[in-house]
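Q: The structure under discussion is supplied below as structure tokens; questions concerning it will follow.
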């Protein structure tokens, strides 16, 4: 009887974890503010920070992310007794984010990027980090850029309204239709400020500013200026 109860308990634990496993959208919503805070301090695009974390940690679901709070695949010593790993452990995920920036700033091969590129130039940042030897894969930068484009992460880079990419600018023809078709939005049940912002290719912060909101809390029936 005790063995049966133990098996059921273990199955329930595994099932609960699979249900709670976060999506990429949920990951972005959780860590976007942290990435933007680091962007403002270090002048590296928040989009790059988020995309590298998503890529290296499988959006927070990898083993080193779950057991070591390591979201950037940085190697080092760890004191974890649950898994054997060559990757560094961190007390919190935020400290993993902070160490990623310290890591880039402390290495000669990456240090020059901070003087060469601004916080809006995510493509050259991704390529520069690859050239500096952050990853062995030759397609690493392309994968990072692909994650940024797929999830519109460049919207978190606080680009000026008149900013234009120097090379291969993002197509705007399709965006203009979706963003100008409706200047207001009626909040529906199940909406979050993040989901609304993503659908309109903007950011929660931008919507909050337009509507004078002090928090991201919204309710059904509420009208938002977009």
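The values are calculated or read from the model by the stated rules, or taken from the named source; none is laboratory data. Fair warning: this is a prediction, and the values are worked out from it, not measured in the lab. Glycine gets a Cβ as well: all are built from the backbone with ideal geometry, and neighbour counts include every protein chain shown.
Q: Can you name the residue in region 12-46 that is under 24 Å from residue 63 (Cα atoms) and not in a helix (DSSP H, G or I) and, of all such residues, is modelled with the lowest pLDDT?
A: Per the stated criteria, the residue is 21.
Q: Give, as residue ranges, the helices (runs of 4 or more DSSP H) completely inside region 75-132 that count at least 3 residues that are in contact (Cβ under 8 Å) with a residue 60 or more places away in the chain and not assigned by TED's automatic domain parsing to the domain that holds residue 45.
A: By residue number, no helices (runs of 4 or more DSSP H) qualify.
Q: May I ask you to say which residue of 163, 194 is at pLDDT below 95, within 15 Å of the chain's Cα centre (by Cα) and not assigned by TED's automatic domain parsing to the domain that holds residue 64?
A: Checking each option against the conditions leaves just 194.
Q: How many residues are touching a helix residue (DSSP H, G or I) at 6+ places or on another chain (Cβ under 9 Å) and either crowded, with 19+ Cβ neighbours inside 10 Å or part of a loop (DSSP other than H, G, I, E, B) (or both) when one looks only at region 146-162?
A: 10
Q: If residue 205 satisfies every condition in (1) in the same structural domain as residue 48 (by TED's automatic domain parsing); (2) within 19 Å of residue 42 (Cβ to Cβ); (3) modelled with pLDDT under 90 but one, which is the exception?
A: Result: residue 205 fails condition (1) only.
Q: A further question follows. Tell me which residues, restricted to region 50-74, are farther than 15 Å from residue 143 by Cβ and in a helix (DSSP H, G or I).
A: Residues satisfying the conditions are 63, 64, 65, 66, 67, 68.
Q: Looking only at region 40-53, which residues are surrounded by fewer than 22 Cβ atoms within 10 Å (Cβ to Cβ) and at negative phi?
A: Passing the criteria: 40, 41, 42.
Q: I'm trying to understand the selection: among the residues of region 81-94, which are farther than 13 Å from residue 63 by Cα and either surrounded by 14 or more Cβ atoms within 10 Å (Cβ to Cβ) or touching a strand residue (DSSP E or B) at 6+ places or on another chain (Cβ under 9 Å) (or both)?
A: The answer is 90, 93, 94.
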